[in-house]
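What follows is a short report on a single structure.
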Amino acid sequence: MSYGLLKGKRGIISGALDSNSIAWKVAQRAKEEGAIFTLTNAPLAMRMGEINKLAEECEAKIIPADATSVEDLEKLYAGSMEHLGGKVDFVLHSIGMSTNIRKNRPYDDLNYEWFMKSLDVSALSFHKMLQVADKMNAINDCGSVVALSYIAAQRSFPDYTDMAQAKAMLESIARSYGAVYGKKNGTRVNTVSQSPTKTSAGTGISGFNAFYEYANEMSPLGNATADECADYVITLFSDLTKKVTMQNLFHDGGFSCVGISEGIVNRMG
């Protein structure tokens, strides 16, 4: 069901790899709600994914960009503003990568060069997206920028390794730049801490099925799906949330507030 929440708004959506991606679902919902936008991803990710199908469905232009490159981001914002006919109203950061996780390196034997790459791709890229937009005056007054996070920023999860630090940095950047951007032109900056979700990135983590089932058992409402996350992100892009900023917003069915669920007690008892 469409409510016209983003009618007349322009945006940039990053990180849509395939139809399981949260960013993919956000793009579909943004289109339904009346927005126009560009899509972006790193060239390598674009070759691996199916972004052309999404672009056709959403009538969106694709502008390739390495989010760790300031020059690429400048071209992304300039190209988006030119194509969309003005400054943007919303930006989605859905970018994360850990070579240590891909290579199954345990936390007590990390490759530090890969660790730094994880931080650059997964967190510093968020600061770069914000700072480049800020310097180019690319986001309209009362705009909204959202990045996707995970509760491993606050809690220890096996096999999530250096991505836990990347997510913690991502959330810190949202708070710090949210204070700056809010004073400048009312732009909100938030992170959404989503349930374990069966995306290509999520299922690539060792032990993901256990993460998923445990969270689903612990959460009073069950795990939030990618489609439900997209619905939530759309509200953050809309004018309904003009006073929500600098927050890490848990979208996890209540998992983050539960010590132990009755189901777990019964299973252990």
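The values are calculated or read from the model by the stated rules, or taken from the named source; none is laboratory data. Everything numeric here is computed off the predicted structure, so don't read it as measured data. No Cβ is skipped: glycine too gets one built from the backbone with ideal geometry, and neighbour counts run over all protein chains shown.
Overview of results
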read-out	value
Leading residue by the ranking (farthest from Phe126 (Cα to Cα)) among those in the stretch 216-227 that are under 18 Å from the mean Cα position of the chain (by Cα) and surrounded by 18 or more Cβ atoms within 10 Å (Cβ to Cβ)	Asn223
Some residue of the stretch 199-220 being closer than 30 Å to Tyr3 by Cα, touching a residue at least 12 places away in the same chain (Cβ under 8 Å) and of a type in the set (A, V, I, L, M)	no
Of all residues making up the stretch 218-234, the number that are farther than 22 Å from Ser176 by Cα and either of a type in the set (Val, Ile, Thr) or in contact with a strand residue (DSSP E or B) (Cβ under 7 Å, 6 or more places away or on another chain) (or both)	5
Hits in the stretch 144-161 (condition: assigned to a helix (DSSP H, G or I) and surrounded by 23 or more Cβ atoms within 10 Å (Cβ to Cβ))	Thr161
Selected residue (criterion: modelled with the highest pLDDT) from residues of the stretch 247-269 that are among the polar types (S, T, N, Q) and in a helix (DSSP H, G or I)	Ser256
Test: residue in the stretch 224-246 that is out of contact with any helix residue (DSSP H, G or I) (no Cβ under 9 Å at 6 or more places or on another chain), more than 18 Å from Ala27 (Cα to Cα), in a helix (DSSP H, G or I) and not hydrophobic (A, V, I, L, M, F, W, C)	no
Residue within the stretch 64-85 that is within 19 Å of Met169 (Cα to Cα), charged (D, E, K, R) and either in contact (Cβ under 8 Å) with a residue 60 or more places away in the chain or in contact with a Ser or Thr (Cβ under 7 Å, 6 or more places away or on another chain) (or both) present	no
Pairs with Cβ under 8 Å, 6+ apart, first in the stretch 4-21 and within 23 Å of Asp66 (Cβ to Cβ) and at pLDDT 95 or above, second aromatic (Phe, Trp, Tyr) and not in a strand (DSSP E or B)	Gly11/Phe237; Ile12/Tyr77; Ala16/Trp24
Any chance Val70 is surrounded by fewer than 17 Cβ atoms within 10 Å (Cβ to Cβ) and β-branched (Val, Ile, Thr)	yes
Residue in the stretch 111-122 that is farthest from Gln194 (Cα to Cα), counting only those that are surrounded by 17 or more Cβ atoms within 10 Å (Cβ to Cβ) and of a type in the set (S, T, N, Q)	Ser118
Residue count, the stretch 73-110 (criterion: among the hydroxyl-bearing types (Ser, Thr, Tyr) and surrounded by fewer than 17 Cβ atoms within 10 Å (Cβ to Cβ))	2
Among the residues listed as Ala166, Ala179, Ala174, the single one being over 29 Å from Leu240 (Cβ atoms), small (Gly, Ala, Ser) and in a helix (DSSP H, G or I)	Ala166
Test: Asp66 is out of contact with any Gly (no Cβ under 7 Å at 6 or more places or on another chain), at pLDDT 95 or above, within 27 Å of Ala152 (Cα to Cα) and not hydrophobic (A, V, I, L, M, F, W, C)	yes
Restricting the stretch 40-52 to residues that are in contact (Cβ under 8 Å) with a residue 12 or more places away in the chain and closer than 15 Å to Ile13 by Cβ, the residue that is surrounded by the fewest Cβ atoms within 10 Å (Cβ to Cβ)	Glu50
Qualifying residues in the stretch 1-39 (those that are over 14 Å from Ile63 (Cα atoms) and hydroxyl-bearing (Ser, Thr, Tyr)) - the one surrounded by the fewest Cβ atoms within 10 Å (Cβ to Cβ)	Ser2
